[in-house]
Amino acid sequence: MAGFTEGALVKKLMELNPSQQSIQTLSLWLIHHRKHHSTIVKVWFKELCKSKDNRKLMFMYLANDVIQNSKKKGPEFGKEFASVLPKAFDHMKHFDDKTRDKACRLISIWEERGVYDKSQIADFRAAFFSPINDITKEPGTPPLPRKKPRIELEKKEKKERKKSETEIEVDGTKELHVTLSPRTPGGDPPETEELIKALMDLENTASSDAAVRERIASFPPEVSEVSLLANLADRSAADHLSVAVNEAAALLADYNGRLQAEMEDRRRLLTMLRDYTVAQRQLLQQAQSTLEDYKEKLKKVCSVRAEVKSHISNLPDLTQLPDVTGGLAPLPSAGDLFSMHH
């Protein structure tokens with residue numbers, strides 16, 4: 001089983017993405033190594049402050065997942081996070097109102113579920129809603145108050161939230177994980193396999209069913225034209241038309257139902273594609289940022305390598321010594337030195 005190291009944690013936090021699976025997996029890994037809770041929270045806060053604004057809320061969602069899922073195994077994470085959450089909320093209070101609403105939702109959830117007591121919740125809100133100093137104002141000017149998120153949003157979050165259990169493997173051990181809302185920032189991007197399946201399911205849709213459309217097109221005009229009923233000559237013809245009309249009505253009702261289901265599937269796929277695209281853009285930005293960081297590291301290493309090579313070329317060759325004639329003679333071997341000593 002892989003052990004815990006601070007370096008491994010930093011790497012996992014850098015690789016964290018907004019998908020539910022990514023947050024769940026890292027959350028379970030942290031809970032599995034809860035004896036290192038103090039180091040974990042310290043590193044979490046340090047990386048939160050270093051991360052770009054579009055990733056900070058994702059760090060908060062990870063903390064929420066760890067705090068709530070670790071309660072059954074012990075209070076360590078809840079207590080440890082409580083010591084840094086005021087500073088974390090204070091660090092995030094410059095966000096836009098939409099992002100602040102999402103962060104404020106976390107505080108509401110912790111209050112409703114009794115994760116933290118009233119005084120702690122008050123501390124979080126005080127830090128989050130404290131004024132932001134405007135550095136462009138003259139010295140001595142009172143700070144501008146930050147607009148608070150809509151209180152109505154918190155009230156709406158008091159409705160029942162669904163929980164579901166997922167079995168995930170952590171360091172070779174399978175553990176049950178409870179998915180708690182909020183799940184992920186924005187939408188919950190689908191996994192790649194789920195998206196592929198949804199796309200494949202649309203290969204045989206109602207709108208592409210040529211056989212049914214051909215059957216509908218082959219209906220006699222009498223089944224859809226009331227004016228043609230006057231052409232019925234006898235009871236036998238009327239009975240025959242009645243059967244045809246009933247068959248047409250049943251076929252059309254079934255086909256319309258299939259088309260309606262296809263529309264719903266396409267709407268769902270559109271949402272999945274949108275959320276997947278957003279997640280991929282974030283992963284792309286993360287990969288680009290990581291690439292730039294390591295390009296810079298490579299540049300520094302190459303610079304050091306060039307300097308070392310230059311220094312080596314300027315150093316004297318100590319493998320040879322000058323002889324009495326002014327030429328170079330090889331250094332004596334260990335055996336020669338031993339003979340000389342005796």
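In nm, to one decimal, how far is the I216 label point from the I312 one, both placed 7 Å along Cα→Cβ?
For I216 paired with I312, the spin-label model returns 7.7 nm.
Measure off 7 Å from each Cα along the Cα-to-Cβ vector at T39 and M14, then give the distance between these two points in nanometres to one decimal.
Going by the 7 Å Cα→Cβ label model, 1.8 nm.
Could you check the spin-label model distance between D265 and S236? Points 7 Å from the Cα along Cα→Cβ, value in nm.
4.5 nm
May I ask you to order 101-113, 269-281 by the average number of other C-beta atoms within 10 Å around their residues, highest value first?
101-113, 269-281
If you roll a 1.4 Å probe over the heavy atoms of the protein chains, what accessible area per residue do you get for segment 1-87, in Å²?
43 Å²
Ignoring ligands, DNA and RNA, what accessible area per residue does segment 191-296 give at 1.4 Å, in Å²?
Per-residue accessible area for segment 191-296 comes out at 73 Å².
For segment 250-317, just list the percent of Cα-Cα distances falling in each 10 Å bin from zero outward, please.
17, 18, 15, 13, 12, 10, 7, 5, 3, 1
With a 1.4 Å probe and all protein chains kept in place, how much accessible area does K42 have, in Å² rounded to the nearest 10?
About 120 Å², rounded to the nearest 10.
Given 0.36 nm per residue, what is the gain on full extension from L229 to K93 after removing their alpha carbon distance, in nm?
41.6 nm
Which residue, I31, S83, C49, has the largest displacement toward the positive end of the dipole of segment 14-130 when charges sit on each Cβ (Lys, Arg +1; Asp, Glu -1)?
I31
Rank-order 249-258, 88-97 by packing density, defined as the average count of other C-beta atoms within 10 Å over each peptide's residues, highest first.
Result, highest mean first: 88-97, 249-258.
If r is the Cβ-Cβ distance from A244 to K197 and R0 is 41 Å, what FRET efficiency results, to the nearest 0.05?
Between A244 and K197 the formula returns 0.55.
Rg and Dmax of segment 3-119 over Cα atoms: what are they, in angstrom?
Final numbers for Rg and Dmax: 13.4, 40 Å.
From the mean inverse distance of alpha carbon pairs (Kirkwood) and the Cα radius of gyration, derive Rg over Rh for segment 195-276.
Computed over Cα atoms, the ratio is 1.21.
The values are calculated or read from the model by the stated rules, or taken from the named source; none is laboratory data. Quick caveat: nothing in here was measured; it's all calculated off a predicted structure. Cβ atoms come from the backbone with ideal geometry, glycine included; neighbour counts cover every protein chain shown. Accessible surface areas use protein heavy atoms only, side chains included; no ligands, DNA or RNA. Shrake-Rupley method; radii C 1.70, N 1.55, O 1.52, S 1.80 Å.
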